[in-house]
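Working notes, structure below.
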Amino acid sequence: MGQAERKKAEEQVGQQAKRSSRNQLVRFLILFAFFAVAFFALFYFWSGAVQRFQEWTAAASAWILSLLGFSIQVTGVVYSCPNLAIQIIPECTGLYEMIIFSAVVLAYPALWWKKLVGVVAGVAILLFLNLVRLLVLALIGMRDAQLMEWVHLYLWQLTLILFVVGLFFAWLSWIRGKPRKAEPLPLAPSRPPQSAEGGKKH
């Protein structure tokens, strides 16, 4: 094969790789949009489940605060702390972040059982982190309501986004596994040194 033919073959391989990568990206975006829209539509029409999830989030947050010694009262989606009342709306449940994370994982090309593990583990972690978020907000709000509002609107919104991104990359690292280390090349057998005379016979 001449140099021109080799160069043409390399260009064809490169173009095929680009088309394959482009097709995979388009497929990923379509699947992500499909899963995201499906999940949002499911919870939009299944409003009773969202309501129960809000009530559970309020009850769980109140229970954690009661373990810390605070006197808490819960009424539906509202729980009252000393000098503070917090209402759990759908955005406060972490549900949207769970939907986005699940849609990304399900759309990514990987084995289905690994996707299932990623979704279950990621949702559980996001649920726990959201309860921690609500606990911190309640502790801040009992001392400074204005500071709580600032932390809620700016700091924690960004933090939840970073949590979603970090969990996705952690899942990617898990499904890809540890990179193999390159094995050292075997050393060539060393030759015994020859005498200065070069092995001449007398």
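The values are calculated or read from the model by the stated rules, or taken from the named source; none is laboratory data. Just so we're clear, the structure is a prediction, and the values are computed from it rather than from any experiment. For neighbour counting, all protein chains shown are included, and Cβ atoms are generated from backbone atoms with ideal geometry for every residue, glycine included.
When the residues of the stretch 31-73 are filtered to those that are aromatic (Phe, Trp, Tyr) and within 22 Å of the chain's Cα centre (by Cα), the one that is surrounded by the fewest Cβ atoms within 10 Å (Cβ to Cβ) is Phe34. Looking across Leu126, Leu84, Leu68, one residue alone is closer than 22 Å to Ala170 by Cβ and not polar (S, T, N, Q). It is Leu126.
Which ranges mark the helices (runs of 4 or more DSSP H) fully within the stretch 74-154 that have 1 or more residues being surrounded by 16 or more Cβ atoms within 10 Å (Cβ to Cβ), at pLDDT below 90 and out of contact with any Lys or Arg (no Cβ under 7 Å at 6 or more places or on another chain)?
Numbers: elements: 95-107, 112-141, 145-150.
Once the helices (runs of 4 or more DSSP H) in the stretch 74-154 are filtered for at least 1 residues that are surrounded by 16 or more Cβ atoms within 10 Å (Cβ to Cβ), at pLDDT below 90 and out of contact with any Lys or Arg (no Cβ under 7 Å at 6 or more places or on another chain), what remains is 112-141, 145-150.
Picking from residues in the stretch 156-184 that are part of a loop (DSSP other than H, G, I, E, B) and closer than 19 Å to Ala121 by Cβ, the one that is modelled with the lowest pLDDT is Lys178.
Residue by residue through the stretch 27-83, note down the ones that are closer than 21 Å to Val123 by Cα, without any contact (Cβ under 8 Å) to a residue 12 or more places away in the chain and not hydrophobic (A, V, I, L, M, F, W, C). The answer is Tyr44, Ser47, Gly48, Arg52.
The set of residues in the stretch 86-121 that are of a type in the set (A, V, I, L, M) and touching a strand residue (DSSP E or B) at 6+ places or on another chain (Cβ under 7 Å) contains only Ile86.
Can you tell me which residue within the stretch 133-160, out of those that are of a type in the set (S, T, N, Q) and without any contact (Cβ under 8 Å) to a residue 12 or more places away in the chain, is farthest from Ser80 (Cα to Cα)? Please lay out each step first, then the result.
If we filter the stretch 133-160 for residues that are of a type in the set (S, T, N, Q), which is where we start, we get 146, 157, 159.
In the following step, the residues that additionally are without any contact (Cβ under 8 Å) to a residue 12 or more places away in the chain were identified as 146, 157.
On the way: Gln146: 17, Gln157: 23 Å.
Among them, the one singled out is Gln157.
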